[in-house]
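A quick write-up on the structure given underneath.
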Amino acid sequence: MAPSVHSSSSTLLTSDTDERYANVNWEELEFSLTPTDYMFVAKYKQGETFSEGNIVPYGDISISPCSAIFNYGQGLFEGLKAYRTEDKRIRLFRPDENALRMQNGAERLCMTAPSAEQFIKAVKQTVLANKKWVPPPGKGSLYIRPLLIGSGAMLGLASAPEYTFLIYATPVGEYHKVSSGLMNLKVNHHNYHRSHYGGTGGVKSCTNYSPVVKTFLEAKSLGFSDVLFLDAATGRNIEELTTSNIFIVKGDIVTTPPILGTILPGITRKSVSELARDIGYKVEERDISVDEMLEAEEVFCTGTATVVKAVETVTYKDKKVKYKTGEEALSTKLYTMLTDIQMGIVEDKKGWMVEI
Ligand code: COI
């Protein structure tokens, strides 16, 4: 059974959203949920094509207790952002890449994904319906969360008889709001892994995320901003943080772990690699041992929510290394190059921005 959108006590009334809108502090946006007015919902039944879908009021959905997402975790999510420019345009960053990544994930989880055309159209409709929630220029962005979930009821393990493609959106600010603005990472060397060869680490499966929370909370309780996971096969190479990709810099070489199914093919990762090449850096994708990272001059991480974030320290066992940060750091240059394109401060010569 597919989820039906219904009027519940949590469905937002116009007066509620007006009041919440009036109370948003655009100067202090955080990466947290501020429900907006509308969401997009489309459904797919096995053997048919995706329904056209439509915009409905944002609110709870009703879903079978036997759904594949509840019982077996059959679900994917995406994350992308819309930005308001000074000249009053609203633009998306590389939505075609998210559409493609959802298709790759759907293939891995035996689901049917919307076409890229339907995905982008639905994202645009969601943003347009929630236009007033796109933060003013430079104050943040509208974070768009497309979901593809196995919503059909079933008991034996199989692919769901029905999927739901749903998109909601929320205005957000910085993800890692730490006082120094810099990250202090703990390398997780002693217990859990995020991913392994042949697993789902290379797709944006919902099931990749809650298992890292335990390690993340442990690191947080020790004062770290995030955890850096090592590869499960050897425990020697760096792979990924809980929600972002990692890069190291030495001289004019920028290195990041390769896409071999264990790390997420980040869209910011791909974009930042291109920008680094544009300014003369050599970008390599290959295994990076922890020891090599500890010898690097600079470390930074990337992601849609994270954007580009400098890492100030990495702690591995009893060793703590400090890296270059600030104006001279490559991550600062790359952050500016990327966000200038996203916010329309410089011309988008890459064709990355999609007008709404
Ligand atoms: C994103 O950067 O869009 C993510 O998916 C991170 C999210 C888990 C907060």
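Numbers below:
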read-out	value
Those strands (runs of 3 or more DSSP E) lying entirely in the stretch 42-105 with at least 2 residues within 19 Å of ILE356 (Cα to Cα) and among the charged types (D, E, K, R)	80-84
Leading residue by the ranking (nearest to the ligand (Cβ to nearest atom)) among those in the stretch 304-352 that are closer than 21 Å to THR170 by Cα and among the small types (Gly, Ala, Ser)	ALA305
Lone unmet requirement of (1) buried (at least 24 other Cβ atoms within 10 Å of the Cβ); (2) aliphatic (A, V, I, L, M); (3) within 16 Å of the ligand (Cβ to nearest atom) for ILE263	(1)
Residue in the stretch 270-281 that is in contact with a strand residue (DSSP E or B) (Cβ under 7 Å, 6 or more places away or on another chain), within 16 Å of the ligand (Cβ to nearest atom) and under 20 Å from LEU228 (Cα atoms) present	yes
ILE288 being of a type outside the set (Asp, Glu), under 26 Å from LYS131 (Cα atoms) and either within 16 Å of the ligand (Cβ to nearest atom) or surrounded by 20 or more Cβ atoms within 10 Å (Cβ to Cβ) (or both)	no
Residues located in the stretch 233-254, provided they are touching a residue at least 40 places away in the same chain (Cβ under 8 Å) and more than 16 Å from the ligand (Cβ to nearest atom)	GLY235, ARG236, ASN237, ILE238, ILE248, VAL249, LYS250, GLY251, VAL254
Counted residues, the stretch 101-151 - those being under 21 Å from TYR175 (Cα atoms), of a type in the set (A, V, I, L, M, F, W, C) and touching a Ser or Thr at 6+ places or on another chain (Cβ under 8 Å)	5
Unique match (being modelled with pLDDT of 95 or more, crowded, with 17+ Cβ neighbours inside 10 Å and closer than 17 Å to GLY303 by Cα) among LEU182, LEU142	LEU142
Strands (runs of 3 or more DSSP E) contained in the stretch 262-323 and holding at least 2 residues within 25 Å of the chain's Cα centre (by Cα)	282-285, 298-303, 307-316
Count of the stretch 227-246 residues which are within 15 Å of TYR316 (Cβ to Cβ), surrounded by 15 or more Cβ atoms within 10 Å (Cβ to Cβ) and either out of contact with any His (no Cβ under 7 Å at 6 or more places or on another chain) or not assigned by the TED database to the domain that holds LEU264 (or both)	8
The stretch 119-146 residues that are away from the ligand (no atom under 16 Å from the Cβ), paired with ones that are in a helix (DSSP H, G or I) and small (Gly, Ala, Ser) (beta carbon under 7 Å, 6 or more apart)	ILE120/ALA99
Scope the stretch 130-187; condition more than 21 Å from TYR335 (Cα to Cα) and in a loop (DSSP other than H, G, I, E, B); matching residues	ASN130, SER151, GLY152, MET154, LEU155, GLY156, LEU157, ALA158, SER159, ALA160, PRO161
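Rundown of residues vs (1) assigned by the TED database to the domain that holds GLY266; (2) modelled with pLDDT of 95 or more; (3) over 30 Å from ARG269 (Cβ atoms), yes/no style:
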site	(1), (2), (3)
PRO3	no, no, yes
SER9	no, no, yes
PHE50	no, no, no
VAL56	no, yes, yes
GLY59	no, yes, yes
PRO65	no, yes, yes
ARG89	no, yes, no
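Each row is one residue, and each column tells you yes or no for (1) within 15 Å of the chain's Cα centre (by Cα); (2) without any contact (Cβ under 8 Å) to a residue 40 or more places away in the chain; (3) within 16 Å of the ligand (Cβ to nearest atom).
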position: GLU162; (1), (2), (3): no, no, no
position: TYR168; (1), (2), (3): yes, no, yes
position: GLY173; (1), (2), (3): yes, no, yes
position: LYS177; (1), (2), (3): no, no, yes
position: LEU182; (1), (2), (3): no, no, no
position: TYR192; (1), (2), (3): no, yes, no
position: TYR197; (1), (2), (3): no, no, no
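The values are calculated or read from the model by the stated rules, or taken from the named source; none is laboratory data. No experiment lies behind these values; they were computed from the predicted model shown. So basically every Cβ, Gly included, is an ideal-geometry build from the backbone, and we count neighbours across all protein chains shown.
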